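Student: Sharing a structure below in C-alpha cells format, with a few things to ask.
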There are 4 protein chains.
Amino acid sequence: MRAFRLAAPTGFDALTPTELAIPKPGHRQVLVKLAAASLNHRDLSIALGRYRLPSKEQVIPLSDGAGTVVETGPGVTRVKTGDRVAGCFFQRWAGGEPREDNQAYALGGSLDGMLADYAVLEEDGVVPTPACLTDIEAATLPCAALTAWHALVAHGRLKAGETVLIQGTGGVSVFALQLARLMGATTIVTSSSDAKIAEATALGATHTINYAKEPAWEKAARAVSGGRGVDQVIEVGGAGTFAKSLEALRTGGHVSLIGFLAGAATVDPGLIMARRANVQGISVGSTEMFLAMNRAIAAGGLKPVVNKVFPFADAPAAYRYLQSAAHFGKVVIAFS
Amino acid sequence: MRAFRLAAPTGFDALTPTELAIPKPGHRQVLVKLAAASLNHRDLSIALGRYRLPSKEQVIPLSDGAGTVVETGPGVTRVKTGDRVAGCFFQRWAGGEPREDNQAYALGGSLDGMLADYAVLEEDGVVPTPACLTDIEAATLPCAALTAWHALVAHGRLKAGETVLIQGTGGVSVFALQLARLMGATTIVTSSSDAKIAEATALGATHTINYAKEPAWEKAARAVSGGRGVDQVIEVGGAGTFAKSLEALRTGGHVSLIGFLAGAATVDPGLIMARRANVQGISVGSTEMFLAMNRAIAAGGLKPVVNKVFPFADAPAAYRYLQSAAHFGKVVIAFS
Amino acid sequence: MRAFRLAAPTGFDALTPTELAIPKPGHRQVLVKLAAASLNHRDLSIALGRYRLPSKEQVIPLSDGAGTVVETGPGVTRVKTGDRVAGCFFQRWAGGEPREDNQAYALGGSLDGMLADYAVLEEDGVVPTPACLTDIEAATLPCAALTAWHALVAHGRLKAGETVLIQGTGGVSVFALQLARLMGATTIVTSSSDAKIAEATALGATHTINYAKEPAWEKAARAVSGGRGVDQVIEVGGAGTFAKSLEALRTGGHVSLIGFLAGAATVDPGLIMARRANVQGISVGSTEMFLAMNRAIAAGGLKPVVNKVFPFADAPAAYRYLQSAAHFGKVVIAFS
Amino acid sequence: MRAFRLAAPTGFDALTPTELAIPKPGHRQVLVKLAAASLNHRDLSIALGRYRLPSKEQVIPLSDGAGTVVETGPGVTRVKTGDRVAGCFFQRWAGGEPREDNQAYALGGSLDGMLADYAVLEEDGVVPTPACLTDIEAATLPCAALTAWHALVAHGRLKAGETVLIQGTGGVSVFALQLARLMGATTIVTSSSDAKIAEATALGATHTINYAKEPAWEKAARAVSGGRGVDQVIEVGGAGTFAKSLEALRTGGHVSLIGFLAGAATVDPGLIMARRANVQGISVGSTEMFLAMNRAIAAGGLKPVVNKVFPFADAPAAYRYLQSAAHFGKVVIAFS
C-alpha cells in the first residue's frame, strides 16, 4: 500500500512516500481502506518538530481519515466489513474522563496515522460515517470537529440561547460556529480578515468582529451580549487572547482552552475569580463524544466546510497550503 | 382591581368575579399590572377539586401571567418600573435543586395567582419578557414551556442529534417540540388525532405516530430511531404509557415524568434496570431555568402557539374550552 | 486448567467440572491466573435458568474473580505480568455512559467467567488490586461493590452529610453501607433479622430498622432524617419496596434501582412527581468507576466482609450456601 | 445596639465603635441577635482599602456571624424566632449558578455586615446552626468553610479516594483539610512552618510538605500520589503557585482558584491543555451549598478550629492578630 512516512521532524520535505505491506487487524481491531485524510495544525507542528509531544519514529502522519472497513479481527462486533467509518484521534479513549493512559495513543503521533491506503484501528477507535457525508467530508471530523463538540457540548453543556465567542476561523472555530448554530446558540466570530468574516457570516455567524479594526474586541463582544458577557469562549490561544476572553465572559461562564500555544501567557487569576470562570483544557475527545456528534451532524444536516482537496501524492503541498493560512475550513487529501 | 376568586373547589361555576384593592409590594417584591394569563391542566384540576395539593382558600387562580412592573418595593434591583415581565410558577425557587420549601409557594395554588389585574410578586419570582414576544405570548410560558425546558434541557441535558419522544400535543408537549427542534434534536410526536398530527408536522416534528392507528407506538418509535431507542421521553402520564416509554427508550435514556396522573400505574422495575433508564419527576422549574429558557426563545425566535384568546370576563369559558381538549397550543385570557 | 461449566441452566447440579487448555491473550488482552472468585445472586439466577438475559452455552460461570497477570498480549500497556488484578463484570465498558454495546459483554453470562484457573480478559477489563486487599477480598468487588459505588457515587454523587437508606444486607447493600460511611454519610439499614442488624451496626450503620417488626419502615426512615426524607435509596427490589422508598425520599432525592426483580411492581408515578424523585436503573459499572472505587478502598482501608470461603471443588456448595441467605457479606471460592 | 463602622478604608484604626438603632426585618427577612463573628482575609483587605470591589460607605464590617433569630418579618417560613442561625456571605444567592446579580450582595462589603449586636438578614440568607456547634464555632463557617465546600464538593465533586493538595493553613485550607478527610480523601498540606504542619498532621493530614525546605513541592506532591498527580488543588494564590499546581495535577484534574491575588501571574495555557485541567474561580457559595455543608458537619461531628477569641470591643485587635498570620484556624469575636 502507499504511505508517507515522516523521515524526521525536520519539515515538509521529510514526508517520504513509501510502499508498505497491508497490516492485519488483531483482536477487536479493524482494517480500514482509507479514502481521504485531512490536516490539522498539529500535523504541521509534528512535521516541523515543534509539537509538545514526541512522535513515533518514522511515523505515518495525520490523525484524521475516513474510509471503509475491509476486514475485521476476532471479537469485533461494533462494525462490520463494508461499513464506512472515520478513525478516532485517540484510539484508546472509548469514553469517560481523560486519563493519562487513554490520551497516550494518538494517530499520526504516538501511533501511525492516516496518510496511507490502509490503517488498522481499534474497533472502539472508529465511528460510522453519517450517510449524509462523503468520505472527504467525514475525514474532516476527527480532530477539529470533535474538539469543538467536546468544548461546547460535552464540556460546556451548550444550551440554546447561550452566546458563544469563537476566536478566528481555523478548523475548530468553523466547526464550533456550525455546531453552536445547530443548537440554537448566538455566535460571535472574531477574525482579522474581512473576507473570512464574510464567510463566517455566510455560515450563519450572528455577530462578527474584525479584531484588526477593533482591538478591544472583548468589549465589543460584551456589548453584543447586552453587557451580560458571553457564556462560552472558544479560546484558541493567540497572543494576549486569554485575558481578553475572561473580560468578555459572563459571571460563571466557560472558557474552553484549545490550540497549541507556543509559550507562556500572562493571566490575572484574580480575573478568573472575579468572573467565577471555568477554564477547561480541551484536547479532541472520546469515541463516545464522536458518536454523539455524528448524530447531531446527521440530524442537522451539517456539512463540513472543505476548502481544498489535494491528491495523495501531493500531500506535502497540502501541508504547505495549510501553513499559508489562506484557508477557511478544512484541507483534505483524497486517496483515489 | 378586577379579580376572580375560586369560591370553593367545586367546578368552574365557583369562579367568582370580585373587586379587590391593589396590593402593595414589600421588601424585594414588585407590583405587576397583568396584561394576560394562560391556563394549564392544573388549573382545571384545582377548580374541580382534583388537585393533589390543597389550595389557599378563595384563591385567585392561574399560575401563568405576564404584564408590566408598575411599582417596586424596597431593595429591588433585578427589575424596575416599566419592565415587561412574566411571573414564575414557584415564587421562591430562585435556583438550585428542588427542595420542599422552594416548591411550596405556587401561584394560583398555595398563593394567589394571576386572574386579577395586579399581582405582587417576589423580585426573584419574575423574569423579563423577551422583546420578541407579546404579553399574550409571554403569559403562556411560566408553567408549560418551563416544564418542557426543565425536562429536556435542565434535567435531560439535550444535545443536538438526540431523539426525543413527545407524547401528545398538550401545552408542555408542544413547547417540548419547539424547544427540541431549536436545539437540533430529532422529534417524534404521538397523538390520536390526525388534525393535531398535521399541526405538529407544521411545527417541525420530524416524525409522528397516530397511536390510535398504531397502538404499538413504542415499537414504531424504536424503529424510527434506527432500533437504538430514543434518548429522551416526555412522559405525560396517560394510561399505560410509562411502560411503553421504557420500551421505546435507548440504554441509558431519560424519561421526564410530568403531568398529573390520576392513580397508580404498573411498571416493571426490571425494565428500568434493563434500560439503565433515568426517570425524573419534573414539576415546572426555577427562576434560573426560566431566564435561560427566555434567552433560548429570544435567540431562536420561538413563537408560542396561542390557540384561542378569551376576554377577562369570560374566564370560566376559557376553562371549559381547555377541558374540551379541542385545543392545540395554549388557551389565553387577555385582560384589556 | 480446572474449570466448571454450566452444562444447562437447570440448577446447581449442572455445574460440571472440566479440564480445559489455558487460553491465549490476543491484542490488548491479558491472561490472568485466578486465585479466588465470588458469587452474586445473578450467578444463582443464571444457574437456575431465571436470568433475564440468555447466557453463552456451556458457560464458565461467575463474573467476579481476582488473581495475577501471567501473560500479556500485543499492545498491552495498562498492566504487566505480575500485577495483581480483578476482572471487570463488563469487559467492554471502559468508561462513559452505558450503551447497548458496552453492556453486552458480561463475564459468566455472555462471556465465559471466572470459575476456572485462568481467564483471558481485555486489558481495559481488569483493574489493579489495592495493596491492602488479599485476592480473596479483591474477588468480592467486581459486581457487588461496584454496583454500590456506581449507585451512590458515580450516579448519586454522594456528599458527606447525606442520608442513605439501604435495603437489606445482601452483597451490594453491605458495600453500600461501607462506602457511604467512608464518605461521611448517615446510613439507615433495613433487615428482618436482628442478627444481621447487629452486624450492620458493628460495621457502622448509623440507624437500623427491623422491617419485620416495623412494617412502616418508610415512615421510620423519614423520621430518622428529621422529617426531611432521605437523600438516596439503595432499592434492591423486594416486594412492595419501591413505593415505600419513594415515601421515604426527600424532595429531589435519588433512588438507585438495583437487583433483579421477578415481576411487575405497582408504582404511583404521581409520587415520583410529588417527590421530584430521580430513579436510576443501575447495573454494575465501568472500568473507570472501578478504578475510582479502588482508590477509595485503598485510601479508606475498607475491608470487604468475607462471610465464608469454599474450595474450588466445592463450588456447587457455595451456590447452595448463597441461596440459603444465611450469609452477611460475600461468599467466596478460593482456588488453591 | 453596639456596632463598628469602617469610617474609611484606611486601616484598622478606622474601625469606629458606634451605637445604632436595632433594624426591623421586612418581607421575608429576619432579625438576628448575633453572638459571635469571625474574620477573613477579605476583611483585612476591605479595611486596608485593598479589596477588588468597593464597599458600602461607612460599612459595618465582617461577613461571618452567628446568633439567634429574635424577630421575623412577614412571609418568613424557613426559620422562626429562637432558631440558631448563621448568616450567608451572599444574601441573595439562594441556589443555582453564580450570576452577577446574586453575587452582588455580600455582608460586610456591599451590605452592612456582622460586627454589630443585631443584623437584618434575608430569610434565604440564613442557615440553621447544627446542634453540635456553639455560636462561636458557627460564626467561623460562612466564608472560609463554605468556600472549601464549594471548591471540593459542589464544584469538584469530591469522591473518597481522591487526593487533594491543599496550599497553606489559612481559614479555607484548614476547612478543606477537615472536609476532605470527612469524605475519605487523601490530603497533602503545604506550609512553610513546621509548627503549622504539626497542627495539620494532628487534624488528620495524610501528607505534609514544608515548601520552605522543599521548594519543588509540586514534584513531591506528584510523588505522593504515586506519580499519577493529584485530583484536586485548593489554590490560594501565592506567588508562583498556580503553575506548580498544574504541574502537580493529574490528567483531567481540578484546580479551585480561591483567595484574593494581588496581581498578574504568569501561566502557561499549554500546561492547562496538557493536563486537560479544569480551573474554576470560586467565591464562597450559595445558601443551598451551606445547608448541605452543615449536614456534613453535623453527620461527621466536624469541629471548626477556633484559634483565638476576642471580645467585641477589641475587634481592631482581632484584625491585627489575623494580619500577623500567627494563627492556625479561625479568629473569632465573641459578643457577650
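The values are calculated or read from the model by the stated rules, or taken from the named source; none is laboratory data. Everything quoted here is computed from the prediction, not taken from an experiment. Methodologically, a virtual Cβ is constructed for each residue, glycine included, from the backbone with ideal geometry; neighbour enumeration extends over all protein chains shown.
Student: So A:Met183 fits all but one of (1) in contact with a strand residue (DSSP E or B) (Cβ under 8 Å, 6 or more places away or on another chain); (2) closer than 28 Å to B:Ala298 by Cα; (3) surrounded by 24 or more Cβ atoms within 10 Å (Cβ to Cβ); what number is the exception?
Tutor: (1)
Student: Any residue at all in the range B:217-233 that is away from chain C (no Cβ under 14 Å), touching a helix residue (DSSP H, G or I) at 6+ places or on another chain (Cβ under 8 Å), buried (at least 24 other Cβ atoms within 10 Å of the Cβ) and within 30 Å of C:Trp93 (Cβ to Cβ)?
Tutor: So far as the range B:217-233 goes, yes, one or more of its residues are away from chain C (no Cβ under 14 Å), touching a helix residue (DSSP H, G or I) at 6+ places or on another chain (Cβ under 8 Å), buried (at least 24 other Cβ atoms within 10 Å of the Cβ) and within 30 Å of C:Trp93 (Cβ to Cβ).
Student: Take the residues in the range A:272-312 that are free of Cβ contacts under 8 Å to residues at least 40 places away in the same chain and under 24 Å from A:Lys196 (Cβ atoms); name whichever of them is nearest to the other protein chains (Cβ to nearest Cβ).
Tutor: So the residue we want is A:Asn307.
Quick grid of which residues meet (1) touching a residue at least 60 places away in the same chain (Cβ under 8 Å); (2) in contact with a Lys or Arg (Cβ under 9 Å, 6 or more places away or on another chain); (3) under 29 Å from B:Phe290 (Cα atoms):
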site	(1), (2), (3)
D:Glu71	no, yes, no
D:Pro74	no, yes, yes
D:Arg84	no, no, no
D:Pro98	yes, yes, yes
D:Ala104	no, yes, yes
D:Met114	yes, no, no
D:Asp135	yes, yes, no
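Student: Got a number for residues in the range D:13-51 being at negative phi and over 21 Å from the mean Cα position of the chain (by Cα)?
Tutor: 19
Student: Right, D:Gly238: at pLDDT 95 or above, more than 9 Å from chain A (Cβ to nearest Cβ) and either under 21 Å from the mean Cα position of the chain (by Cα) or not in a loop (DSSP other than H, G, I, E, B) (or both) or not?
Tutor: Considered against the rule, which asks whether it is at pLDDT 95 or above, more than 9 Å from chain A (Cβ to nearest Cβ) and either under 21 Å from the mean Cα position of the chain (by Cα) or not in a loop (DSSP other than H, G, I, E, B) (or both), D:Gly238 comes out as no.
Student: In addition: With respect to C:Ser245, is the statement that it is surrounded by 24 or more Cβ atoms within 10 Å (Cβ to Cβ) and under 27 Å from C:Val267 (Cα atoms) true?
Tutor: Yes, satisfied.
Student: Do you know which residues across the range B:12-57 are touching a helix residue (DSSP H, G or I) at 6+ places or on another chain (Cβ under 8 Å), loosely packed, with under 15 Cβ neighbours inside 10 Å, at pLDDT 95 or above and more than 22 Å from B:Gly67 (Cα to Cα)?
Tutor: Within the range B:12-57, just B:Asp13 meets the criteria.
Student: Okay, moving on. Within the range C:105-140, count every residue that is part of a loop (DSSP other than H, G, I, E, B) and within 14 Å of another protein chain (Cβ to nearest Cβ).
Tutor: 8
Student: Just checking, how many residues over the range B:170-191 are assigned to a loop (DSSP other than H, G, I, E, B) and modelled with pLDDT of 95 or more?
Tutor: The number of residues fulfilling the criteria is 3.
Student: Since A:Pro98 meets every condition but one in (1) within 14 Å of another protein chain (Cβ to nearest Cβ); (2) farther than 27 Å from A:Ala154 by Cβ; (3) crowded, with 18+ Cβ neighbours inside 10 Å, which condition does it not meet?
Tutor: Just one mismatch for A:Pro98, condition (2).
Student: Of the numbered conditions (1) crowded, with 22+ Cβ neighbours inside 10 Å; (2) more than 23 Å from the chain's Cα centre (by Cα), A:Phe290 fails exactly one; give the number of that condition.
Tutor: All conditions pass for A:Phe290, except number (2).
Student: Moving on. Answer yes if at least one residue in the range C:266-276 is outside the structural domain of C:Phe90 (by TED's automatic domain parsing), buried (at least 24 other Cβ atoms within 10 Å of the Cβ), of a type in the set (Lys, Arg) and under 25 Å from D:Ala292 (Cβ atoms), and no otherwise.
Tutor: The answer is yes; a qualifying residue exists.
Student: Only one residue in D:Gly170, D:Gly156 is assigned by TED's automatic domain parsing to the domain that holds D:Arg222, buried (at least 23 other Cβ atoms within 10 Å of the Cβ), out of contact with any helix residue (DSSP H, G or I) (no Cβ under 8 Å at 6 or more places or on another chain) and of a type outside the set (Lys, Arg). Which one?
Tutor: Result of the check over D:Gly170, D:Gly156: D:Gly156.
Student: Go through (1) within 14 Å of chain A (Cβ to nearest Cβ); (2) touching a Lys or Arg at 6+ places or on another chain (Cβ under 8 Å); (3) not in a loop (DSSP other than H, G, I, E, B) for C:Val30 and report which single condition fails.
Tutor: (2)
Student: Continuing with the same structure: Can you pull out every residue in the range D:45-95 that is away from every other protein chain (no Cβ under 14 Å), in contact with an Asp or Glu (Cβ under 8 Å, 6 or more places away or on another chain) and part of a loop (DSSP other than H, G, I, E, B)?
Tutor: D:Val59, D:Ile60, D:Pro61, D:Leu62, D:Ser63, D:Thr81
Student: Which residues, counting only those in the range A:242-271, are modelled with pLDDT of 90 or more and more than 8 Å from chain D (Cβ to nearest Cβ)?
Tutor: A:Lys244, A:Ser245, A:Leu246, A:Glu247, A:Ala248, A:Leu249, A:Gly253, A:His254, A:Val255, A:Ser256 - these are the residues of the range A:242-271 that are modelled with pLDDT of 90 or more and more than 8 Å from chain D (Cβ to nearest Cβ).
Student: Additional query: If I go through the range B:193-216 residue by residue, how many of them are surrounded by fewer than 18 Cβ atoms within 10 Å (Cβ to Cβ) and in a helix (DSSP H, G or I)?
Tutor: Matching residues across the range B:193-216 total 5.
Student: Here's another thing I want to ask about it. May I ask you to verify whether B:Thr163 is surrounded by 24 or more Cβ atoms within 10 Å (Cβ to Cβ), among the polar types (S, T, N, Q) and farther than 29 Å from B:Ala315 by Cα?
Tutor: yes
Student: Could you give me the residue pairs with C-beta distances under 6 Å whose first residue belongs to the range B:156-183 and is more than 14 Å from B:Gly237 (Cα to Cα), whose second residue is among the charged types (D, E, K, R) and in a helix (DSSP H, G or I) wherever it lies, and which are 6+ apart or on separate chains?
Tutor: B:Gly161/A:Arg295
Student: Does C:Gly227 satisfy the criteria of being modelled with pLDDT of 95 or more and in the same structural domain as C:Val189 (by TED's automatic domain parsing)?
Tutor: Criteria not met by C:Gly227.
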